[in-house]
Amino acid sequence: MKLTQRVVDQLACPAGRKDALYFDDDQKGLGVRVTSAGTRSYVLQFTIDGQRRRLPIGSASGIGLAQAREAARAYLGKAAQGIDPAVERKAKVKAARERKEREQFTLSRFIDDWAALHLATRRPKYREEAQRSLRHAFARHLDRPAEDLTRRHVVDTFDRLASAGHPAMAAATKRVGSALFRWGMARGRIATNPFDRIPIAIPPPRDRTPTSVEIVEIWNATDATTTFGKILRFMVATGCRREEAAQLRWREVDLDNATWALPAARSKNGEFVLRPIAVQAVEILRSLLPNLGNPRPEALVFPSDGRGFSGWSKAKTSLDAAILDRRRSASEAAGENPATVEAMPAWRFHDLRRAFAAQLQALGVAMPVTERLLGHVGSTQTGLMRVYQTHEYQQEQRSAVHLWSTRLQGLLDPPPAGSAQVIPIARKGSRQ
């Protein structure tokens, strides 16, 4: 058929047929397919390797006859070279789809998928920290396709953290980042792991243990009227982790029996922990009740803007400044030069747990009992002992907490000089 643009626009499908094909006399293989619904589209029919193929070119409403003829000539030219334009087009479509999927599979989405599909069964605390550390360290790369995160990007990120004085953060981020990409490789989403075998300085384990004098300084420098002050004193009295205190709910504590039932969902090792708490901790909790009446069981004990306390860094800076001010005031009162007074050596909130453990050891408390009071359930037992040794040391824990409560009270309110006092005998090598 002699095709012109007008002829193409007027082509119709014969009555009773689903479609009809009209071939162009001027351009070999070019045809117009017309359906009973009235749609028209250009197609190319050609033979390659002895097989007849048909390739869609485009809708007649989108391209004109001249464009269709030009496209047909280009496709036939490829076929003459032994290149199947139909196969080539499928490959391009597939490549475009894969490229789009690759661009959409960003590092941020990768982390989301990992959290939803892999971390769902992990402890909530680990799930939260793993995502937070990756998103914080690689914030500038979150919108980048995950496949495009290179070793150079990872090394630069770790170097930046180390230079900023956060080697421990770099080491922790390397662990979770490597776990993320190993999971992605196992699922066929990622080809390589940019975290693999990257050398990174492992920070030495911390051994800072606040002394008895420093415990008193920290306690006295806190403002007991603030949420932070109450939380910090509660941490000193119980040896708990800061997150455990910040997210404490009223349903977890029994003030009459002086016990704290930490649910498995909130404990670091994912196990339920029932432990007695010191008198000082109970007093802190009771001091909150007059302003609350009958608090809801699910309510936070130490709320901050309706949520758990989170201003740790700012509060720590203020506390360190308060400790230094008190030291200088004491020096001046003693007739000394306050300008020569040094700040308390660097310490972290977690060091209070180490101080709590050291005090218990100095009081002669057995290690299994100390471990349970710290929430390290089963950490000193392995193999058959962990399976069969199910004694919870509840009475021993209560006795240990009584010793610690008495010890803490003696530190905070020492008896007058010269008065008789009973001091628990410390074991050899213990630190007071």
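Any read-out appearing in this document is the output of simple, stated calculations on the displayed coordinates, not a laboratory observation. Keep in mind the model is a prediction, meaning the values are calculated, not measured. With ideal geometry, Cβ positions are generated from the backbone for all residues, glycine too; neighbour counts draw on all protein chains shown.
Computed about its Cα centre, the charge dipole of region 73-162 is approximately 180 debye, with only Lys, Arg, Asp and Glu carrying charge at their Cβ. A simple rule links phi to the HN-Hα coupling: the Karplus curve 6.51 cos²θ - 1.76 cosθ + 1.60 with θ = phi - 60°, which for region 320-328 gives 4, 5, 5, 4, 5, 4, 5, 5, 5 Hz, with x for Gly and Pro. State the answer as a single residue: which of LEU412, VAL341, THR238 lies farthest towards the positive end of the charge dipole of the chain, with beta carbon charges of +1 for Lys and Arg and -1 for Asp and Glu, about the Cα centre. The listed residue farthest towards the positive side: THR238.
Return the FRET efficiency for the residue pair SER313, THR39: r is the Cβ-Cβ distance, R0 is 51 Å, and the value is rounded to the nearest 0.05. Computed FRET efficiency for SER313 and THR39 comes out at 0.20. Size descriptor for region 53-136, Kirkwood hydrodynamic radius: 17.0 Å (Cα pairs only, one decimal). A straight Cα-to-Cα reach below 15 Å connects LYS100 with the aspartates and glutamates ASP143, GLU147, ASP148, residues fewer than 8 places away in its own chain not being considered. Dividing the helix sum by the residues of the chain, where each DSSP H run of 4 or more adds -39500 (n - 2.57), gives a mean residue ellipticity at 222 nm of -15000 deg cm²/dmol. Length gained on full extension, LYS100 to HIS153: 16.8 nm, using 0.36 nm per residue less the C-alpha separation.
Counting neighbouring beta carbons within 10 Å and listing from fewest to most, the residues THR317, THR211 come out as THR317, THR211. In this Cβ point-charge picture (+1 for Lys and Arg, -1 for Asp and Glu), the chain has a dipole of about 1840 debye about its Cα centre. Positive end of the dipole of region 116-181 (Cβ unit charges, origin at the Cα centre): among HIS166, SER178, LEU119, the Cα lying farthest that way belongs to LEU119. For the peptides 63-73, 162-172, 358-368, residues were scored by their other Cβ atoms within 10 Å and the scores averaged per peptide; the highest-first order is 358-368, 63-73, 162-172. Each principal axis of the Cα cloud of the chain was taken in turn, and the coordinate range along them, longest first, works out to 122, 49, 49 Å.
Which of the three applies to region 226-274, rounded, prolate or oblate, going by the alpha-carbon gyration tensor with a ≥ b ≥ c and a/c under 1.5 meaning rounded? Since a/c reaches 1.5 but b/c is at least a/b, the shape of region 226-274 is classed as oblate. Placing +1 on the Cβ of every Lys and Arg and -1 on the Cβ of every Asp and Glu, with nothing else charged, gives region 265-327 a dipole about its Cα centre of roughly 100 debye. Going Cα to Cα from LYS268, which lysines come in below 18 Å? Please leave out same-chain ones fewer than 8 positions away. Hits, sequence-local ones excluded: LYS125.
Sorted from fewest to most neighbouring beta carbons within 10 Å, what does the list GLU332, GLU298 look like? Each step should come with its number before you reach the end.
Working: GLU332 13, GLU298 9.
The most exposed by this proxy come first: GLU298, GLU332.
Put in order of Cβ neighbour count within 10 Å, fewest first, the listed residues VAL213, VAL154 become VAL213, VAL154. One Cα centroid belongs to region 92-133, the other to region 35-91; the line between them spans 40 Å. Scalar couplings 3J(HN,Hα) for region 243-259, obtained by applying the Karplus form with A = 6.51, B = -1.76, C = 1.60 to θ = phi - 60°, are 5, 5, 6, 5, 9, 4, 10, 4, 5, 7, 10, 10, 5, 5, 9, 6, 10 Hz; x denotes Gly and Pro.
Relative contact order of the chain: what whole-number percent is it, with Cα pairs under 8 angstrom and at least 6 residues apart?
After rounding, I find 11 percent.
Derived scalar couplings between HN and Hα for region 395-401 equal 5, 5, 5, 5, 5, 5, 5 Hz in order, rounded to whole Hz, by the Karplus curve 6.51 cos²θ - 1.76 cosθ + 1.60 (θ = phi - 60°), x for Gly and Pro.
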